[in-house]
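The values are calculated or read from the model by the stated rules, or taken from the named source; none is laboratory data. What you are looking at is a predicted structure, and each value in this text was computed from that prediction instead of being measured. In this analysis, Cβ positions are derived from the backbone assuming ideal geometry, glycine residues included, and neighbour counts consider all displayed protein chains.
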Amino acid sequence: MKVFVYGTLKPGEHNYPAYCEGKAIAVQPAYTYGKLYHLCLGYPGMTVGTEKVQGYLLTFGDESNLVELDELETFDPQGLPKNNEYQRQMIPIYDLKGRYLAQAWGYLMDLEKIKTFQGVFIPSGWWQGIRD
């Protein structure tokens, strides 16, 4: 099971140890296409788009990790989309040389929620959390 992460779940960010460290069996720098925003909540949101969004492709042994990730990302697979913070969907992922790697789960946010959370576009496509 593969998941593309671009925010707090990336290696070195604050949610990686609790949700991914020791659980991901492979970690690879990667990118997808979308549009990345920093939110007033202190983490990013990605929408559908044509810009490169950089992150990591994480590979897990099975889909059991999705339950924890869905909770963190406020995504209920049986819930109404308007009640979810993010929507989990399959997206194409590429290595840093532009080669297609796989379809992976990614957490995307709709533009209305980005606006609600005062999203600021990140032209570089790379989000980095604030360090203590």
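The table below lists the values:
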| item | result |
| --- | --- |
| Residue count, the stretch 121-132 (criterion: over 12 Å from Gly34 (Cβ atoms) and surrounded by 11 or more Cβ atoms within 10 Å (Cβ to Cβ)) | 4 |
| Every residue from the stretch 82-103 that is loosely packed, with under 13 Cβ neighbours inside 10 Å, closer than 19 Å to Val48 by Cα and either in contact (Cβ under 8 Å) with a residue 24 or more places away in the chain or among the aromatic types (Phe, Trp, Tyr) (or both) | Tyr100 |
| Hits in the stretch 104-121 (condition: over 15 Å from Val5 (Cβ atoms), touching a residue at least 24 places away in the same chain (Cβ under 8 Å) and either not in a loop (DSSP other than H, G, I, E, B) or not acidic (Asp, Glu) (or both)) | Leu111, Lys113, Ile114, Phe117, Gln118, Gly119, Val120, Phe121 |
| Inter-residue pairs, beta-carbon under 8 Å, first touching a residue at least 60 places away in the same chain (Cβ under 8 Å) and more than 23 Å from Phe60 (Cβ to Cβ) and in the stretch 23-48, second among the charged types (D, E, K, R) and crowded, with 19+ Cβ neighbours inside 10 Å, 6+ apart | Thr47/Lys35; Val48/Lys35 |
| Residues satisfying the stated conditions in the stretch 53-65, i.e. in a loop (DSSP other than H, G, I, E, B) and closer than 23 Å to Gln118 by Cβ | none |
| Residues (outside any loop (DSSP other than H, G, I, E, B), farther than 16 Å from Gly7 by Cβ and either in contact with a helix residue (DSSP H, G or I) (Cβ under 9 Å, 6 or more places away or on another chain) or not hydrophobic (A, V, I, L, M, F, W, C) (or both)) located in the stretch 66-84 | Pro81, Lys82, Asn83 |
| Condition met for Thr50 (modelled with pLDDT of 95 or more, part of a loop (DSSP other than H, G, I, E, B) and β-branched (Val, Ile, Thr)) | no |
| Verdict on Thr59 being more than 19 Å from Tyr31 (Cβ to Cβ) and surrounded by 11 or more Cβ atoms within 10 Å (Cβ to Cβ) | no |
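Every residue, every condition in (1) surrounded by fewer than 19 Cβ atoms within 10 Å (Cβ to Cβ); (2) within 25 Å of Lys115 (Cβ to Cβ); (3) among the acidic types (Asp, Glu), yes or no:
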{"site": "Val3", "(1), (2), (3)": "no, no, no"}
{"site": "Leu9", "(1), (2), (3)": "no, yes, no"}
{"site": "Glu21", "(1), (2), (3)": "yes, no, yes"}
{"site": "Pro29", "(1), (2), (3)": "yes, no, no"}
{"site": "Thr32", "(1), (2), (3)": "no, yes, no"}
{"site": "Leu36", "(1), (2), (3)": "no, yes, no"}
{"site": "Cys40", "(1), (2), (3)": "yes, yes, no"}
{"site": "Pro44", "(1), (2), (3)": "no, yes, no"}
{"site": "Gly49", "(1), (2), (3)": "yes, yes, no"}
